[in-house]
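The values are calculated or read from the model by the stated rules, or taken from the named source; none is laboratory data. Bear in mind that the values here come from a model prediction, so they are computed numbers and not experimental data. Every residue, glycine as well, gets a Cβ built from its backbone with ideal geometry; the counts of neighbours run over all protein chains shown.
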Amino acid sequence: MNRKHYTLPALLSALLVTGLFNTANGQYVIKEANSQATLYNYAAAIPLYQKAYKKKETVTAARGLATSYRLLKDYPAAATWYGKLVAMPEHTAEDELHYAAILMNNEQYSAAKDVLNGYLAKTPGDMLAKSMQAGCDSAAAWTAAPIRGDLENLKGLNSEWSDWSTAFNNGKVVFASDRPYDSLRRDMLFNTSNIKRKYYGYTGNSYLHLYESNGLDSGTTKLLVRDVNGDYHSADASYTADGQTFYYAVTELARKKGSLLGKENPYTLNIEIRAQQRDTSGGWKELPAFPFNEIFNHSIGDPFITPDGKTLYFVADYGDKGIGGTDIYYSTLDANGQWQTPVNMGPEINTTGNERSPMFDGNGVFYFSTDGRPGLGGLDIFRAVKEKGTWAVRNMGLPVNSAQDDFAPAYNGTNTMYFSSNRKGGKGSDDLYRFTPAKILVFSLEGKAIDKKTGQPLGDAAITLASKNTGAVLKASTDNEGNFHFALDSLTAYALDGQKALFRPELGVAVTTNGLTESAVLHRDLYLEKIEMESVVNKPKDPVPAKGVGAPHKIELGNKFNPQNIYFDLGKADIRPDVAKELDKLIALMKENPTWKVDMSFHTDSRSDDSYNMKLSQRRANSTLNYFLSKGIDKKRLTAKGYGETKLINRCANGVNCTEEEHKANRRAEFSVLEH
């Protein structure tokens, strides 16, 4: 039994159940089933509805079974009965919405989305349904990218019953549980004139009580003192930093006119917040009641007291005063020790759904649960950080959240989150869990581009960092001091390149975060060698003078030469600005030597598919040819062809293990200058 079984949404759902069942026929079995459901005694109502349905398959019996199983969190059974219910012509749109929610609880997101599409066609303005639809769309992404860390069921504290809502006080752990402390009869029918104090008809289990343990994993677990645990529900403990005061939620019987269900139903359980304080003898004494409890009108619960004891956060079902079903509010203590009028946290936090379990960690991060935002199903835990006066809210994702209810987050001065969930695989109906995220390692790369000859920094050098894991390429330019910086991913190998016009590039410098177990800043400097114009061409055996630009440098006609700075991005054929500068030198020579024509050939290394390399080299040939044409060179003076990996100049053919330098030698652009 999770907190929804005794707190606000459950009570409101139970009220709706009463209305739904008013149309029941005159059969005794249906009447008795409705009576037990009205008393939240679903454990006893279910067999009665089953008997009625077996006798006659009515929408009343089907809805009674679907609703009872839903409120008891028996998701597979609820899905079965909602499936039968929505197949009946008399079903309502609300039945469809409940069915979609149950399908999400069963991780049937595609089916849930189909039901929601039909529901929204009838009620297009329903924001809760749209949020559920978005949750179905997001479920696959959350499943594919869970938060790394260790999730653990606190088996030393959990029982086969319901255990939830962790709090910490002076080395002890306090939590709520409906584990039995006396014999139970789950199927006992309720009598409104004799409400039992041993067990709760909603589930047939004991009422919730607060327990204290001296350890998380093992140790003695005992009931808190009688002054704290009354005859009915006690839960949701929250302590001040000094451990001298704590707040908690309780229920009592409302036996006066004006109770939640009216004077004819004196058995209604309403929720209020109480507080206890240590007395001089070390025991607990009750403080004055929270002045905004409204036990005969509204329910207030899920208290969270700030460490200094000056602000109380809680949830309440204030109806039209709020935004949704249950909203989160806060009240502050003034200088006279009086609680001020509660303030709604507003639409940045609250939704048209139900918000629950507010709390802050030690770093000012706000956590809460809600079923009103896109999630995996049921209540999900969200994290909110205030940025420039606005709350930025995000879903905690897997594995903190599941398709079922996840709620009551808590911290104890570390980065480990404690929370409660009724997810599959637990020890009981609700269990206590803890999640410790994997250590967040932060890696970065810093370095300088340096003139190899002079040792001076090189500004405006083009730096690229290519991931060998994913192929993603990051780009940066050095500042005036030659500096560059990249953020690195963990468990990733990179190749670092540095290029600058008129300098030979340094390529393929290895960078890796593999094997690093602590955050680190890696350093790599790139040394680029300056080249003169004569370095752009092979030294001629029988040179021919070049006029104008480049003189007195000489080019040997008919022989090939390889410009040193013509490189293309991985898998691309675009002319980069630094490559354009190198080509412009040859274009200038061609303009000053109009008798020349140039043959261009482009080559790749043997890596990648043969056909791919051939096509890539031809694209680069076409791109370079078009660049020359754009600069006014007559097409008749140019030829350009890609050869892929067909003209390797060393041993590095397919399947041969070669160094990066050997492969680099094959990735070349060759030019031949001919005379007309």
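Got a sec? Which of 403, 384, 392 is small (Gly, Ala, Ser), part of a strand (DSSP E or B) and either out of contact with any Phe, Trp or Tyr (no Cβ under 8 Å at 6 or more places or on another chain) or touching a residue at least 40 places away in the same chain (Cβ under 8 Å) (or both)?
That would be 392, the only listed residue that is small (Gly, Ala, Ser), part of a strand (DSSP E or B) and either out of contact with any Phe, Trp or Tyr (no Cβ under 8 Å at 6 or more places or on another chain) or touching a residue at least 40 places away in the same chain (Cβ under 8 Å) (or both).
Quick one: residue 426 ticks every box in (1) buried (at least 20 other Cβ atoms within 10 Å of the Cβ); (2) at pLDDT below 95; (3) under 30 Å from residue 321 (Cβ atoms) bar one, so which box is it?
Condition (3) is where residue 426 drops out.
Of all residues in the range 411-424, how many are over 21 Å from the mean Cα position of the chain (by Cα) and among the polar types (S, T, N, Q)?
Count: 1.
So is residue 512 hydroxyl-bearing (Ser, Thr, Tyr) and buried (at least 17 other Cβ atoms within 10 Å of the Cβ) or not?
In short, no.
I need the full set of residues from the range 592-613 which are assigned to a helix (DSSP H, G or I) and over 18 Å from residue 582 (Cβ atoms), in order please.
Residues satisfying the conditions are 610, 611, 612, 613.
Here is a list of conditions, (1) in contact with an Asp or Glu (Cβ under 6 Å, 6 or more places away or on another chain); (2) at pLDDT 95 or above; (3) among the charged types (D, E, K, R), and residue 310 meets all of them except one; can you say which number that is?
(1)
Could you tell me which residue of the range 243-287 is modelled with the highest pLDDT, considering only residues that are in a loop (DSSP other than H, G, I, E, B) and hydrophobic (A, V, I, L, M, F, W, C)?
Filtering the range 243-287 for residues that are in a loop (DSSP other than H, G, I, E, B) and hydrophobic (A, V, I, L, M, F, W, C), the one modelled with the highest pLDDT comes out as 287.
Checking the structure you have, find out if any residue of the range 66-75 is part of a helix (DSSP H, G or I) and within 26 Å of the chain's Cα centre (by Cα).
yes
Mind counting the residues in the range 366-405 that are among the charged types (D, E, K, R), more than 15 Å from residue 135 (Cα to Cα) and crowded, with 16+ Cβ neighbours inside 10 Å?
Residues meeting the conditions: 1.
Yes or no: residue 327 outside any loop (DSSP other than H, G, I, E, B) and touching a helix residue (DSSP H, G or I) at 6+ places or on another chain (Cβ under 8 Å)?
no
How many residues does the range 374-396 hold that are within 26 Å of residue 74 (Cβ to Cβ) and among the small types (Gly, Ala, Ser)?
3
Is it the case that the range 604-620 has a residue that's over 47 Å from the mean Cα position of the chain (by Cα) and either touching a residue at least 40 places away in the same chain (Cβ under 8 Å) or farther than 23 Å from residue 661 by Cβ (or both)?
no
Of the conditions (1) closer than 16 Å to residue 240 by Cα; (2) surrounded by fewer than 21 Cβ atoms within 10 Å (Cβ to Cβ), residue 313 clears all except one; give me its number.
Condition not satisfied by residue 313: (2).
On the given criteria, is residue 630 free of Cβ contacts under 8 Å to residues at least 24 places away in the same chain and either of a type outside the set (A, V, I, L, M) or in the same structural domain as residue 601 (by TED's automatic domain parsing) (or both)?
Here the answer is yes, as residue 630 does meet what is asked.
Looking only at the range 629-674, count every residue that is exposed (fewer than 15 other Cβ atoms within 10 Å of the Cβ), of a type in the set (D, E, K, R) and touching a Lys or Arg at 6+ places or on another chain (Cβ under 8 Å) and tell me the total.
Total satisfying the criteria: 1.
Give me a count of the residues in the range 614-668 that are at pLDDT 90 or above and assigned to a helix (DSSP H, G or I).
Residues in the range 614-668 being at pLDDT 90 or above and assigned to a helix (DSSP H, G or I): 20 in total.
Do we find that residue 413 is buried (at least 19 other Cβ atoms within 10 Å of the Cβ), farther than 20 Å from residue 178 by Cα and of a type outside the set (A, V, I, L, M, F, W, C) in this structure?
Criteria not met by residue 413.
Which residues, counting only those in the range 501-520, are touching a helix residue (DSSP H, G or I) at 6+ places or on another chain (Cβ under 7 Å) and within 17 Å of residue 448 (Cβ to Cβ)?
507
Within the range 425-528, which strands (runs of 3 or more DSSP E) (wholly inside it) include 1 or more residues that are more than 30 Å from residue 147 (Cβ to Cβ) and under 35 Å from the mean Cα position of the chain (by Cα)?
Counting at least 1 such residues, we get 443-451, 462-467, 473-477, 483-488, 493-500, 503-512, 520-523.
Within the range 388-395, can one find any residue that is in contact with a Gly (Cβ under 8 Å, 6 or more places away or on another chain) and closer than 23 Å to residue 314 by Cα?
Within the range 388-395, one or more residues are in contact with a Gly (Cβ under 8 Å, 6 or more places away or on another chain) and closer than 23 Å to residue 314 by Cα.
Buried (at least 22 other Cβ atoms within 10 Å of the Cβ) and at pLDDT 95 or above: which single residue out of 87, 77, 100 fits that description?
100
Evaluate the following for residue 562: is it surrounded by fewer than 19 Cβ atoms within 10 Å (Cβ to Cβ) and modelled with pLDDT under 75?
Against the criterion (surrounded by fewer than 19 Cβ atoms within 10 Å (Cβ to Cβ) and modelled with pLDDT under 75), residue 562 qualifies.
Please work out which one of (1) touching a Ser or Thr at 6+ places or on another chain (Cβ under 9 Å); (2) touching a residue at least 12 places away in the same chain (Cβ under 8 Å) is the condition residue 345 fails and give its number.
It is condition (1) that residue 345 fails.
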